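A.B. asks: I'd like to ask you about the structure that follows.
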Amino acid sequence: MPYAPQPSDTNLSRGNVFIEEKGLVIRESYPPQIALGLSGNLPNPCHELRAVVSEPDAEKKISVEVYTVVDPNVMCTQVLKPFTENIELGTFSSGHYSVWVNGELAGEFDS
C-alpha cells in the first residue's frame, strides 16, 4: 500500500490531514474489492499522506487512521495541497462491515 507508514517516518513529524469527502468504492468483482475514497487537503506540499488500515474487529468494524508526515527541518510554502486518493482495503469474508476514518463513519458494505 503506497500510503502505509514507512521506516523513515520515525525521523518525521506527524501532522493532520483535512478530509473533506470520504466514501466507499465497491468494485463489481467476486468477492467484491473495497476501497476507501478520500479527498481533502494536506497542510502544505511538503506533507505526505499516510493511512493505517486495521483488520476488522469482532463487530466487523474497520478502522482507518489517516494522517500526514513531514520533515520539520524543511522550509515549505504555506499553502494547502489538495488530494484525491483511493486507499485499497481488500476483500472480506461474508458479513456486514462498517469503515471508520479517524473515528468518523465513512460507509458500510455487505460482502
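A.B. asks: Would you call L49 under 19 Å from V74 (Cα atoms) and either touching a strand residue (DSSP E or B) at 6+ places or on another chain (Cβ under 8 Å) or in a loop (DSSP other than H, G, I, E, B) (or both)? Before the answer, list the steps.
C.D. replies: Values: under 19 Å from V74 (Cα atoms): yes; either touching a strand residue (DSSP E or B) at 6+ places or on another chain (Cβ under 8 Å) or in a loop (DSSP other than H, G, I, E, B) (or both): yes.
So L49 passes the test.
A.B. asks: With the requirement that a residue be within 10 Å of S63 (Cα to Cα) and crowded, with 18+ Cβ neighbours inside 10 Å, what does the range 83-105 give you? If you could, list the steps in order and put the result at the bottom.
C.D. replies: Taking the range 83-105 and keeping what is within 10 Å of S63 (Cα to Cα), we get 98-105.
Of everything in the range 83-105, those that are within 10 Å of S63 (Cα to Cα) and crowded, with 18+ Cβ neighbours inside 10 Å turn out to be V99, V101.
A.B. asks: Which pairs turn up if I take residues in the range 83-104 that are over 14 Å from V52 (Cβ atoms) and look for partners that are of a type in the set (D, E) and in a strand (DSSP E or B) with beta carbon separation below 6 Å, at least 6 apart in sequence or on another chain?
C.D. replies: These pairs meet every condition: H96/D110; S98/E108.
A.B. asks: Can you find even one residue in the range 62-75 that is over 21 Å from Q6 (Cα atoms) and part of a loop (DSSP other than H, G, I, E, B)?
C.D. replies: yes
A.B. asks: From the list I62, I26, which one is at pLDDT below 95, touching a strand residue (DSSP E or B) at 6+ places or on another chain (Cβ under 9 Å) and among the aliphatic types (A, V, I, L, M)? Write out each step before concluding.
C.D. replies: Working: I62 fails: at pLDDT below 95.
Only one candidate qualifies: I26.
A.B. asks: Another question about this same structure. Only one of I34, I87 is in a strand (DSSP E or B), farther than 19 Å from P5 by Cβ, in contact with a Phe, Trp or Tyr (Cβ under 9 Å, 6 or more places away or on another chain) and at pLDDT 95 or above; which?
C.D. replies: Working: I87 fails: farther than 19 Å from P5 by Cβ.
One residue alone meets the criteria, I34.
A.B. asks: Just give me the residues in the range 33-60 being more than 14 Å from the chain's Cα centre (by Cα) and surrounded by 14 or more Cβ atoms within 10 Å (Cβ to Cβ), in sequence order. Explain how you work it out, then say what you get.
C.D. replies: Narrowing the range 33-60 to residues more than 14 Å from the chain's Cα centre (by Cα): 33, 43-47, 56-60.
Q33, P43, N44, C46, H47, P56, K60 - these are the residues of the range 33-60 that are more than 14 Å from the chain's Cα centre (by Cα) and surrounded by 14 or more Cβ atoms within 10 Å (Cβ to Cβ).
The values are calculated or read from the model by the stated rules, or taken from the named source; none is laboratory data. Small disclaimer: the values here were computed from a predicted structure and weren't measured. Here Cβ is always computed from backbone atoms with ideal geometry, including for glycine, and neighbour counts include all displayed protein chains.
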